[in-house]
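Enquirer: Handing you a structure now.
The values are calculated or read from the model by the stated rules, or taken from the named source; none is laboratory data. It should be emphasised that the depicted structure is a prediction, and the values quoted were computed from it without experimental measurement. Glycine also receives a Cβ, built like all others from the backbone with ideal geometry; neighbour counts cover every protein chain displayed. For the accessible areas, the whole protein counts, side chains as well, though only heavy atoms, and no ligand, DNA or RNA atoms are used. Shrake-Rupley method; radii C 1.70, N 1.55, O 1.52, S 1.80 Å.
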Amino acid sequence: MFFNVKAKPWYIRLVDIGEQFAKVPMFDCSMCGQCVLRSTGLTCPMRCPKQMRNGPCGGSMNGKCEVFPERPCIWNLIWERSAMLGWEEKLENINPPVDWRLWGTPSWWNLLTGRIDGKGHAVEPKKESEPSQTNSGGTTT
Amino acid sequence: MDNKASDTQVSPVSRPCASTLERVLRDRKFAVTAEIVPPRVPNLSVVGKKFELLREVADAINITDNASASVKICSLAVCAYLVQQGGEPVFQVTARDRNRLALQSDLIGAYALGVRNVFAVTGDYINMGDHPAGKPVYDMDSVHIIQMFDKIRKGYMDSGVELRSTPKTPLVQPNFFLGAAANPFGDPMPFHVLKVAKKRLAGADFVQTQCTFDVPRVRDFMAMVVDKGYHERLHFMIGIMPVKSARPLEFMATEVPGMRVPAETIARMKGAQNPEEEGIQMAVETIQQVREIPGVSGIHLMTVSWEAVVPEVLKRAGLMPEQRGVSEIHSAAKSGNAS
Ligand code: SF4
């Protein structure tokens with residue numbers, strides 16, 4: 001009945017549940033598997049409809065999102081919170097594009113196994129070892 | 001990847017000049033680009049007519065990519081057509097409709113067809129357009145596209161795969177001029193300046209901005225840019241839009257994200273005896289004002305479908321090719337040696 005389609009070994013599942021428990025209510029986390037909260041003023045950029053990872057799009061005005069004007073522009077929040085935390089400098093780094101093989105996996109596990117670095121940037125897996133912990137659709141060769 | 005966007009030490013551009021537009025900007029001439037929005041009906045005769053109006057006066061012509069998230073003839077096809085006609089297109093690509101494979105294959109395809117200017121943007125969200133239920137892609141943001149395209153210029157695909165036919169043949173390094181967007185009207189302004197810096201770090205060569213109706217805002221934006229020295233590596237072209245009536249202004253003020261239209265501008269248009277004439281006059285005044293702003297290298301004219309006004313605006317603003325001193329560059333390009 002509770003067949004888990006994205007079957008993961010129990011220990012990863014445990015980390016997964018822990019991370020979801022902590023981050024989903026608090027940061028509206030989408031479990032991208034490569035958490036950049038530390039460089040974005042503890043505000044998850046994946047809430048942006050355009051999933052921008054490097055700053056606001058051209059439509060961000062008066063703190064509102066161009067796509068959903070009833071919502072705040074997440075990058076405006078990131079700007080304010082980074083200033084509050086004194087983390088402005090972190091906004092100067094380019095965050096790489098999302099590695100979609102990691103989508104839906106726990107960042108904490110990926111950090112532990114070296115699949116992402118301390119900034120939350122994906123590290124290319126070794127050629128031989130299959131990235132079996134990820135929900136990638138195809139095989140990597 | 002640890003480089004900071006605001007670092008002043010950015011390696012100088014070492015590649016040869018890729019296009020006429022790049023030649024104009026590198027020679028420190030005032031550059032003029034215009035824009036053609038491709039039609040929806042699958043027929044290029046309209047584009048041909050618009051192109052005839054612009055070919056002699058603009059250094060290059062941007063071809064929009066499903067502008068306002070509405071389906072049009074694809075930008076790549078129109079760019080190829082312009083190249084055939086002896087024109088110089090700027091191939092616009094958005095992140096909304098393509099993942100990283102499509103972005104790269106379209107780029108190398110465009111290059112193979114003779115396109116030498118590319119302009120990458122994130123793009124309007126899909127719910128603004130004619131297929132609001134579609135799935136937007138956004139595999140990458142604009143900074144990523146620029147980074148990836150710059151890597152292709154060095155001979156590598158995004159994955160690191162080399163651009164060569166066989167392991168024995170030399171690395172191919174397609175040379176093109178790479179553009180990015182900026183919005184001086186977005187908030188918070190310092191963040192938008194920082195984003196320009198990120199695009200510069202990613203490898204952008206030129207910037208075209210959102211349309212200007214609020215000149216003081218552009219002045220503030222450019223002051224920040226110049227203060228940081230970003231203009232030394234990036235050529236800034238300011239967006240200008242001549243309008244025929246007050247209606248589009250009102251629409252832009254309320255409906256179009258990322259645009260600022262002061263109430264006085266709308267009032268001025270409303271009160272005009274001859275709105276078309278007033279629109280031209282307003283565009284000319286805006287051009288004259290932005291031209292004086294330090295760090296500005298050119299203008300980008302967005303006319304929606306009023307291309308016919310471009311020569312008139314340029315004439316009045318004193319920006320015809322001979323007045324800008326670019327006629328020689330244009331004729332050199334026609335005879336086939338842009339660099
Ligand atoms: S306005 Fe802000 S939150 Fe909305 S799409 Fe643009 S960057 Fe994302």
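Enquirer: Please list, in order, the residues from segment A:95-116 whose amide nitrogen is less than 16 Å from a point placed 7 Å along the Cα→Cβ vector of residue A:21.
Expert: Of the residues in segment A:95-116, A:106-109 have backbone N under 16 Å from the label point off residue A:21.
Enquirer: Given 0.36 nm per residue, what is the gain on full extension from residue B:288 to residue B:323 after removing their alpha carbon distance, in nm?
Expert: Values: separation 35, 0.36 × 35 = 12.60 nm, distance 1.40 nm.
Additional length available on full extension: 11.2 nm.
Enquirer: Ordering B:20, B:169, A:113, B:254 from largest to smallest accessible area (1.4 angstrom probe), what's the sequence?
Expert: Ranking B:20, B:169, A:113, B:254 by accessible area, largest first, yields B:254, A:113, B:169, B:20.
Enquirer: Still on this model: Got a sec to turn the phi values of segment A:30-40 into Karplus ³J(HN,Hα) couplings, 6.51 cos²θ - 1.76 cosθ + 1.60 with θ = phi - 60°, whole Hz, x for Gly and Pro?
Expert: Computed from phi, the couplings for segment A:30-40 are 9, 6, 6, x, 8, 5, 10, 3, 5, 9, 10 Hz.
Enquirer: Can I ask one more? What does DSSP give for chain B in terms of the percent of beta bridges that are antiparallel, rounded to the nearest 5?
Expert: So the antiparallel bridges amount to about 5 percent of the total.
Enquirer: Please give, to one decimal in nm, the separation of the simple spin-label points placed at residue B:102 and residue B:308, each 7 Å out from Cα toward the Cβ.
Expert: Placing both labels 7 Å along Cα→Cβ, they lie 3.6 nm apart.
Enquirer: Pull up the DSSP beta bridges for the protein assembly as shown and report the antiparallel fraction as a percent, rounded to 5. Don't skip to the answer; put the middle values down first.
Expert: On the way: 4 of 36 bridges.
Here the share of antiparallel DSSP bridges comes out near 10 percent.
Enquirer: Given all pairs of different Cα atoms, what value in angstroms does the Kirkwood hydrodynamic radius of the protein assembly as shown take? Don't skip to the end; give the middle numbers.
Expert: Values: mean 1/r = 0.0424 Å⁻¹.
Every distinct Cα pair counted, the radius reaches 23.6 Å.
Enquirer: Let me ask something else. Considering protein heavy atoms only and a 1.4 Å probe radius, which residues within segment B:120-135 exhibit an accessible-area decrease of no less than 30 Å² in the full assembly relative to the chain by itself?
Expert: Hits at the 30 Å² cut-off: B:122, B:125, B:127.
Enquirer: Here is a follow-up. To make sure I understand the rule: partners must be lysines, Cα under 30 Å from the Cα of residue B:72, and not fewer than 8 residues away in the same chain. Which ones qualify?
Expert: Output for residue B:72: A:50, A:64, B:49, B:50, B:135, B:151, B:195, B:199, B:244, B:334.
Enquirer: Please list 3J(HN,Hα) in residue order for segment A:113-127, calculated via the Karplus relation 6.51 cos²θ - 1.76 cosθ + 1.60 where θ = phi - 60°; whole Hz, with x for glycine and proline.
Expert: 8, x, 6, 10, 9, x, 8, x, 8, 5, 10, 4, x, 4, 4
Enquirer: Which of the GluC sites (Glu not before Pro) found in segment B:263-298 are in a DSSP loop and have at most 12 neighbouring Cβ atoms, other than their own, within 10 Å?
Expert: On the way: sites: B:264, B:276, B:277, B:278, B:285, B:292; in loops: B:292.
Passing both the DSSP loop test and the Cβ count: B:292.
Enquirer: Quick one: 3J(HN,Hα) in Hz for segment A:55-67, Karplus 6.51/-1.76/1.60 with θ = phi - 60°, rounded, Gly and Pro as x.
Expert: x, x, 7, x, x, 6, 9, 6, x, 9, 7, 5, 7
Enquirer: Continuing with this model, one more query. Given a 1.4 angstrom probe, I'd like the percentage of the accessible area of segment B:100-239 that is carbon and sulfur, rounded to a whole number.
Expert: On the way: 2820 of 4960 Å².
In segment B:100-239, the share of accessible area belonging to carbon and sulfur is 57 percent.
Enquirer: Any chance you could check the Cα centroid distance between segment A:1-71 and segment B:33-50 for me, in angstrom?
Expert: 41
Enquirer: Moving on. To check my understanding: the extent here is largest minus smallest coordinate of the Cα atoms along each principal axis. What are those three numbers for segment A:39-89, in Å, largest first?
Expert: For segment A:39-89, the Cα spread along each principal axis is 28, 19, 16 Å.
Enquirer: Follow-up question, since we're still on this one. Would you mind getting me the FRET efficiency between residue B:164 and residue B:71? Use the beta-carbon distance for r and R0 = 41 Å, nearest 0.05.
Expert: Approximately 0.70, to the nearest 0.05.
Enquirer: Using a 1.4 Å probe on the protein chains only, how many percent of the accessible area of segment A:8-112 belongs to carbon and sulfur?
Expert: 64
Enquirer: Still on this structure, please answer the following. What quantity of accessible surface, computed with a 1.4 Å probe and excluding non-protein components, is buried in total between chains B and A, in Å² to the nearest 100?
Expert: 2900
Enquirer: Okay, next question. Provide the per residue accessible area, probe 1.4 Å, for segment B:169-221, rounded to a whole number of square angstrom.
Expert: Numbers: 1200 Å² over 53 residues.
With all protein chains present, segment B:169-221 gives 23 Å² per residue.
Enquirer: For segment B:108-138 and segment B:301-320, what is the centre-to-centre distance using only Cα atoms, to the nearest Å?
Expert: Distance between centres, Cα-based: 26 Å.
Enquirer: Could you order peptides A:35-46, B:35-46, B:301-312 by the average number of other Cβ atoms within 10 Å of their residues, highest first?
Expert: For the peptides A:35-46, B:35-46, B:301-312, the packing ranking is A:35-46, B:301-312, B:35-46.
Enquirer: Relative to the longest principal axis of the C-alpha atoms of chain A, give the angle of the C-alpha long axis of helix A:74-85, reported between 0 and 90° and rounded to the nearest 10°.
Expert: Taking Cα atoms only, the helix is inclined about 80 degrees.
Enquirer: Where does the charge balance sit around residue B:155 when Lys and Arg score +1, Asp and Glu -1, over other residues with C-beta under 12 Å from its C-beta?
Expert: Values: positive: B:15, B:151, B:153, B:154, B:164; negative: B:150, B:162.
Once all neighbours under 12 Å are counted, the net charge is +3.
Enquirer: With a sphere of radius 11 Å drawn around the Cβ of residue A:73, what net charge do the other residues whose Cβ falls strictly inside it have (Lys, Arg +1; Asp, Glu -1)?
Expert: +1
Enquirer: Name the long-range amide H neighbours of residue B:31: under 5 Å, sequence gap of 5 or more, or other chain; modelled H, no Pro or chain starts.
Expert: B:298, B:299
Enquirer: Let me ask something additional. Which three semi-axes in whole Å describe the equivalent ellipsoid of segment B:174-240, each the square root of 5 times a Cα gyration tensor eigenvalue, listed largest first?
Expert: Rounded to whole Å, the semi-axes are 19, 13, 10.
Enquirer: A further question follows. What accessible area, in Å² to the nearest ten, does a 1.4 Å probe give for residue B:61?
Expert: 10
Enquirer: Under 5 Å between amide H atoms, partner at least 5 residues away or on a different chain: which partners does residue B:117 have, H built in plane at 1.01 Å?
Expert: B:91, B:177
Enquirer: Now for a different question. Working from Cα positions, state the angle (0 to 90°, nearest 10) between the long axis of helix B:45-54 and the longest principal axis of chain B.
Expert: 80
Enquirer: Still on this model: Could you tell me what percent of the DSSP beta bridges with both partners in segment B:100-221 are antiparallel, to the nearest 5? If you can, show how the numbers build up before the last one.
Expert: Details: 1 of 9 bridges.
Counting only bridges with both partners in segment B:100-221, antiparallel ones make up about 10 percent.
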